[in-house]
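Undergrad: Attaching a single structure in structure tokens format; questions to follow.
Computed from the coordinates by the stated procedures, all read-outs in this text should not be read as laboratory data. Small disclaimer: the values here were computed from a predicted structure and weren't measured. With ideal geometry, Cβ positions are generated from the backbone for all residues, glycine too; neighbour counts draw on all protein chains shown.
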């Protein structure tokens, strides 16, 4: 039997596991912390962390002397002005002991890639759920403020390493020997907490397919974003960065990628990316097998040394780790991803790479980066010193998760604004009104739900019209057949565009044919009357073709 003195002893090994008093006992209501935590050590770690990452200055000197017994207050030895360590840091207005922050930061680093959930924080340090949430946000804020320095270092290393690197011009050439000893950056996208049919109350999304559709609920249920679409970029045995994105369009993904690598840096992706880089190589994950016995080809994961298995592996780690959260609000997805990226990248960066310049004993060499790097303006402001509440500092880091109707309305407003700006650049008022009227007719025609063949033909002519319009000169004439040969377009199709544009006055067309000689081939000189071309309807009913031919021929100019 155990001695009663042993059961009541405070230093018994069982006290690390079993509580000495019941939490329901009226005699013992105070919360106790784990006896295994060296609070004095972690308090010193927190103070040193604040001193290095958030240094305080007064009278051009770095403050290191505390004000008597107040450990969080620093006093200037010259003017005796007082400053608190916590102001302007993620620990601003901290109401719990300082050791908790560095202790949780160290635990998060040790158990990576396993994440430290809010419930685990509450149980480890013995705080309420609201306090655990605040501690989690403080850790995420600190990670988000250090991540830009990691980004800058990663960009700088890639620029110095691949400044004169070029892949062969032949994109089908085998690159296995070329990239054998190189860590080529790789990018991919992944969906966290996708919205399935059950979450949509049995509704299926027939209009939208792919990764983007799986993060939104059905439009009949509001179209709210419940999942998170993540863009991943990283290298083998190196740092990895994650960004929360609303879609995988080039206009969204490309600026994000160019925060981490120069434009012409070598990069491997799948077919979902389109980068304006001569060193961009893609692998086709949907490659079909030439053998009828099999559906997929063996080379759909790696071909000619090109693959993005590193990014795929990082995505797998991310999905397994974030399963511990069960679900996160997309509003806070950037904070969670920054924390996960920060903890995983710590092993690949030295302390001097992450500290502000004020904390370095000797100034580090600076390199002039490209203009496309978005964070170049934050070189000296990567660690903020704003004395603002925690909520205000988290605001800029929150992801704006829009619903499908909101995205649709924003696109319509943006499209309408672009339309008005283009029409404002047209000097001829009558011509601007014609363009607006034809654009309105096109929108009404599309709302009337034309047949599939008509929509296909309309899209074909819209693409063709954009190409031909750019080839027509503004201040000189070009013969219609020469234009067709230059643009490598069928004369039959270009004749349709020529007639529509002439009818609406967009072209200054000159008839070069003599009326007394009937010829099988007609010749016309054309010139643009304006720079702007808006979408308009290019499909014509067969019964309207004779009247249409009379209308555009009446607008021709002829030489007598």
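Undergrad: What is the ratio of the Cα radius of gyration of the stretch 283-324 to 2.2 N^0.38 Å, where N is its residue count, to two decimals?
TA: For the stretch 283-324, the normalised Cα radius of gyration is 1.50.
Undergrad: Cβ neighbours within 10 Å, averaged per peptide: list 388-394, 334-340 in order, most packed at the top.
TA: In descending order of packing, they fall as 334-340, 388-394.
Undergrad: Right, another one. Using the alpha-carbon centroid of each, what span in Å lies between the stretch 304-353 and the stretch 103-182?
TA: Using only Cα atoms to place each centre, the spacing works out to 6 Å.
Undergrad: Moving on. For labels at residue 328 and residue 521 in the simple 7 Å Cα→Cβ model, what's the distance in nm?
TA: Simple spin-label model gives 6.6 nm for this pair.
Undergrad: Taking only C-alpha pairs under 8 Å that are 6+ residues apart, what is the relative contact order of the stretch 425-558 in percent?
TA: Reported as a whole number, the value is 35 percent.
Undergrad: For residue 252 and residue 173, what is the calculated FRET efficiency with R₀ set at 35 Å and r taken between the beta-carbons, to the nearest 0.05?
TA: On the way: r = 31 Å, r/R0 = 0.88.
Once rounded, the FRET efficiency stands at 0.70.
Undergrad: Suppose R0 equals 22 Å; then what is the FRET efficiency for residue 409 and residue 447 from their Cβ-Cβ distance, rounded to the nearest 0.05?
TA: My answer for the efficiency is 0.85.
Undergrad: How large are Rg and Dmax for the stretch 436-492 when only the alpha carbon atoms are used, in Å?
TA: Looking at the stretch 436-492, its Cα Rg and Dmax stand at 14.4, 40 Å.
Undergrad: Shape verdict for the stretch 233-278, please, from the Cα gyration tensor: rounded (a/c under 1.5), prolate (a/b greater than b/c) or oblate.
TA: Oblate is the answer for the stretch 233-278, as a/c is 1.5 or above yet b/c matches or exceeds a/b.
Undergrad: Can you order the peptides 215-221, 482-488, 138-144 by their average number of other Cβ atoms within 10 Å per residue, highest first?
TA: Descending packing order for the listed peptides: 138-144, 215-221, 482-488.
Undergrad: Moving on. Checking the a/c ratio against 1.5 first, then a/b against b/c, what shape does the Cα gyration tensor give for the stretch 53-192?
TA: The shape class here is oblate.
Undergrad: Hull surface divided by four, with the convex hull built on the Cα atoms of the stretch 247-320: how many nm²?
TA: Working: hull surface 25.5 nm².
Averaging across all directions leaves 6.4 nm² for the Cα convex hull.
Undergrad: Based on the Cβ-Cβ distance from residue 463 to residue 39, what FRET efficiency comes out when R0 is 60 Å, to the nearest 0.05?
TA: Details: r = 68 Å, r/R0 = 1.13.
Calculated value: 0.35.
Undergrad: How would you rank 259-266, 317-324, 549-556, highest first, on the average number of other Cβ atoms within 10 Å across their residues?
TA: 259-266, 317-324, 549-556
Undergrad: Relative to a virtual label point 7 Å from the Cα of residue 348 in the Cα→beta-carbon direction, which members of the stretch 222-263 show backbone nitrogen distances below 17 Å?
TA: Taking a point 7 Å out along Cα→Cβ of residue 348, the residues of the stretch 222-263 whose backbone N falls under 17 Å are 231-244, 257-262.
Undergrad: Kindly provide log₁₀ I(q)/I(0) values, in the same order as q = 0.09, 0.12 Å⁻¹, from the Debye equation applied to equal alpha-carbon scatterers of the stretch 425-558.
TA: Values, matching the q order: -0.27, -0.48.
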